[in-house]
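What follows is a set of notes on a single structure, which appears directly below.
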Amino acid sequence: MSAAPVKEPLLKEFSPATYDQWKVEAEKLLKGAPFDKKLLTPTHEGITLKPIYNASDVEGLPHLNEKPGFPNFSRGALAAGYHAEPWKISQELPCGAPEEFNAAIRQDLMRGQSEINLLVDIATASGSDPDTAQIGEVGACGTSLAMLRDFETVFRDIYLDCVSLYLRAGISGLPLATLLLGYVRKAGLDAKKLTGCIEMDPIGILLRAGKLPVSLEQAYEEMALLADYLNEQGSALQSVSVQAGVIHDAGGSAVQELGYALATGTAYLNALQQKNVPVLQTARRTRFSFSVGGNFFMEIAKLRAARLLWARVLEAYKVDSSLAPMKIHARTSLWNKTSVDSHVNMLRATTEAFSAVLAGCQSLHVGPYDEVFSVPDEFSRRVARNTQVVLQEECELARVIDPAGGSWYVEWLTNAIAEKAWAFFQDIEKEGGIVASMESGWLQKQVDAIAQAKIKALGQRKEVLVGTNNYPNPKEQSPGKRIPDYAAIRSKRANELLSYRICAEVDADTAVMESLSRLSSVQGKELIPEMIQAGLLGASLGEMTRSLRHADKDRPKLYITPLRTQRVSQGYEKLREAAEKFRAQNGREALVFQCNIGPSRTYRLRADWTTAFFQVGGFSVASNRDFKTAEEAAAACAESGAQIAVICSTDEQYAGVVPALAQQLKRAGTGLTVLVAGAAGDNEAAWKEAGVDGFVNVRANNFETLKSLLNKIGASV
């Protein structure tokens, strides 16, 4: 057999260009503008991005020769990727009542959802029954679960042993797990066939809320008990969770989110190891959750680096990382979602979902476009769910393995973010570990510094949030808000629990009380079977929680400064709200009159830019007329009744127009604020003397300028 012919290199007649050669040509096109300022991009992660990457950028990277499914898992946890198992479509369903959740999840499971993502409400998450919780806690942010009957309602007509379950349990992981296992036993299901995760993440709850209803020691004991029990039963359920998205949703960087995840995961390994749960067992039962933001490539690199770094952590514990690769749940960002121009949230969530999938997440929630200001309706839920279905079925992303792998940029960025995140993790450890860094406030200060930098960049329009601080929709109407009647929900749920108790037979009620009494004295391995039995007899979540934690009341509780969860758009949303309130109270718009002088074709870009500058703050801008003379413009401005005027023309015309026009505008309008679109240069002092109050240009802080103007006209922000 003859040897195959050697193929000649494609385009061999062209010599390959080096980076330096390319840079020389790029600098010529910049015509004197500094290369570093124009083409290098600093990020909030402390990483500077180049405009182009080549093979030399990835030379010697330690992870570059890895294969999917092999340590250190930067290319994915499974060798066959999504060919072996597509990512789980794990949409959150914030339904307050068990019957509502059941109706919604059955519908969604028939339409593409492949994991039950069961959020519990505030009361359930804290271990309280509906009748002892406050209005606004029952049915809020999730489903109210208080008794075994609720589990029967939630899972009615669902084959729980055939679909993965992600039970978002708050601090109630152990009592909710026992109610779940009681339901499984009563339904005749095989508990060993259950898959998914019962979320237990006390550190994450502490950071969000600033406190826990139990001591951290009690929380660790409950985590260890459940992990040991599941291991003995041969269950595949995970029971430890690290919700790293708490950092992202507070405005932190990708580096900080990864560092926090490593530090929290390490804290759980240590705490459970001290309670005789082997590190490997804890690692196998841990699910990490990350929020995925809008920086497309950064988020891909973040999740790839997360697996790599967790493998490094396990190696430090002398654990074979191939036996417990990181399991990642992702959810689209809350930080960058808006209530203004809210349908753009669909586009943001789509790119974020794409990032998560390319990075190899194992389950994913795509946020409905209205989730930050309303309870999502069927339409918004359907679009969010179908975003994942389209990525799987039409884009065929489940048919490829690590499609981002090998990209010089992605591989370089994966390494860069891994190095930065490892350093941040070490900084946390130097502070005494994750809990100590939270108690001192060090972690919160680090995250808040990045958040404030992002908010400032948005206000200066150095960073763009489409429809919010740029490209506004001036005809937009405020979105309708669907807020449940929490008082009615609490009353209904409290009555259901009361009826459940009243209808119990006397003997059954006695059995419940005896079982709860035994919970106070039983310890160790016997506790969970006793709790399961109590739930089967009719004990409620609150009753079991109180019995379980009766001895914890004397332990010290932790109180810290909570990490502030926020959205970057909130400042601009307040501007819009102030403008709307002004309109409602005064019967007129918050109006800016744009004095366009001369033929608009000579300054149209500036005029359009200026119009958008004001519209993002809720101002109405009268900009559809061009004026030949200053007198004509001043008269029209006075007639409009506007309290703000902005002079707009070319730089060449300004010298002869601005002083006279500013004087006439001031004479024509009492209390009128006069601005100029552009920079004054050497004319600033003279123009201000003529009546100009300020300047609108790329150097102006858009948010602060608009806030000041709204306050000036009486629309208090």
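A compact table of results
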item	result
Every residue from region 83-100 that is at pLDDT 95 or above and either open to solvent by 30 Å² or more (accessible area, probe 1.4 Å) or more than 18 Å from ILE483 (Cβ to Cβ) (or both)	PRO86, TRP87, LYS88, ILE89, SER90, GLN91, PRO98, GLU99, GLU100
Evaluation of ILE502 against (1) of a type in the set (A, V, I, L, M, F, W, C); (2) surrounded by fewer than 18 Cβ atoms within 10 Å (Cβ to Cβ); (3) closer than 30 Å to THR561 by Cα (one fails), failing number	(3)
From the options ALA305, ALA324, residue that is modelled with pLDDT of 95 or more, more than 17 Å from the chain's Cα centre (by Cα), under 30 Å from SER56 (Cβ atoms) and open to solvent by less than 40 Å² (accessible area, probe 1.4 Å)	ALA305
Candidate set: region 271-302, residues that are in a helix (DSSP H, G or I), touching a residue at least 60 places away in the same chain (Cβ under 8 Å) and open to solvent by 10 Å² or more (accessible area, probe 1.4 Å); chosen: the one farthest from SER215 (Cα to Cα)	PHE297
Region 232-286: number of residues that are modelled with pLDDT under 95 and either within 23 Å of MET438 (Cα to Cα) or among the hydrophobic types (A, V, I, L, M, F, W, C) (or both)	1
Region 15-37 residues that are touching a residue at least 24 places away in the same chain (Cβ under 8 Å), paired with ones that are not aromatic (Phe, Trp, Tyr) and not in a helix (DSSP H, G or I) (beta carbon under 8 Å, 6 or more apart)	TYR19/ILE52; TYR19/ASN54; TRP22/ILE52; ALA26/PRO51
Single match in CYS197, CYS141 (criterion: touching a residue at least 24 places away in the same chain (Cβ under 8 Å), at positive phi and among the hydrophobic types (A, V, I, L, M, F, W, C))	CYS141
Residue that is basic (Lys, Arg) and over 30 Å from LEU216 (Cβ atoms), where the choices are ARG564, ARG606	ARG606
Residue pairs meeting the criteria (Cβ under 9 Å; at least 6 apart or on separate chains; first under 17 Å from VAL696 (Cα atoms) and open to solvent by less than 70 Å² (accessible area, probe 1.4 Å), in region 460-483; second assigned to a strand (DSSP E or B) and among the polar types (S, T, N, Q))	ARG461/ASN470
Residues being crowded, with 20+ Cβ neighbours inside 10 Å and not in a loop (DSSP other than H, G, I, E, B) - total across region 185-205	7
Test set (1) over 20 Å from ALA169 (Cα atoms); (2) buried (at least 18 other Cβ atoms within 10 Å of the Cβ) - ALA534 fails condition number	(1)
In region 47-60, residue nearest to HIS248 (Cα to Cα) [restricted to those that are assigned to a loop (DSSP other than H, G, I, E, B) and open to solvent by less than 50 Å² (accessible area, probe 1.4 Å)]	ILE47
VAL696 touching a residue at least 40 places away in the same chain (Cβ under 8 Å) and either at positive phi or in contact with a Gly (Cβ under 8 Å, 6 or more places away or on another chain) (or both)	yes
Close pairs (9 angstrom Cβ cut-off, 6 or more residues apart or separate chains): free of Cβ contacts under 8 Å to residues at least 60 places away in the same chain in region 54-66, part of a loop (DSSP other than H, G, I, E, B) anywhere	SER56/THR18; GLU66/ASN72; GLU66/PHE73; GLU66/SER74; GLU66/ARG75; GLU66/GLY405
Condition broken by GLN233, with the remaining ones in (1) open to solvent by 40 Å² or more (accessible area, probe 1.4 Å); (2) in contact with a Cys (Cβ under 8 Å, 6 or more places away or on another chain) satisfied	(2)
Test for LEU706: is it buried (at least 22 other Cβ atoms within 10 Å of the Cβ) and over 30 Å from GLN570 (Cβ atoms)	no
Residues of region 213-223 satisfying the condition of being of a type in the set (A, V, I, L, M) and either over 29 Å from the mean Cα position of the chain (by Cα) or open to solvent by 10 Å² or more (accessible area, probe 1.4 Å) (or both)	LEU216
Answer from ALA404, ALA436 - the residue that is part of a helix (DSSP H, G or I) and either open to solvent by less than 50 Å² (accessible area, probe 1.4 Å) or on the phi < 0 side of the Ramachandran plot (or both)	ALA436
In region 661-670, the residues that are open to solvent by 40 Å² or more (accessible area, probe 1.4 Å) and either in contact with a Cys (Cβ under 7 Å, 6 or more places away or on another chain) or of a type in the set (A, V, I, L, M, F, W, C) (or both)	ALA668
So ASP370, is it in contact (Cβ under 8 Å) with a residue 40 or more places away in the chain, under 26 Å from PHE297 (Cα atoms) and not in a helix (DSSP H, G or I)	yes
Number of positions in region 141-184 that are under 28 Å from GLU217 (Cα atoms), among the β-branched types (Val, Ile, Thr) and open to solvent by 10 Å² or more (accessible area, probe 1.4 Å)	1
Strands (runs of 3 or more DSSP E) wholly inside region 543-658 that include at least 3 residues being buried (at least 19 other Cβ atoms within 10 Å of the Cβ) and modelled with pLDDT of 95 or more	591-597, 644-648
Among residues of region 408-422, those that are in contact (Cβ under 8 Å) with a residue 24 or more places away in the chain and open to solvent by 30 Å² or more (accessible area, probe 1.4 Å), counted	5
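The values are calculated or read from the model by the stated rules, or taken from the named source; none is laboratory data. Fair warning: this is a prediction, and the values are worked out from it, not measured in the lab. Quick reminder, even Gly has a Cβ in these numbers, built from the backbone with ideal geometry, and neighbours come from all protein chains shown. Ligands, DNA and RNA are excluded from the accessible area calculation, which covers all protein heavy atoms including side chains. Shrake-Rupley method; radii C 1.70, N 1.55, O 1.52, S 1.80 Å.
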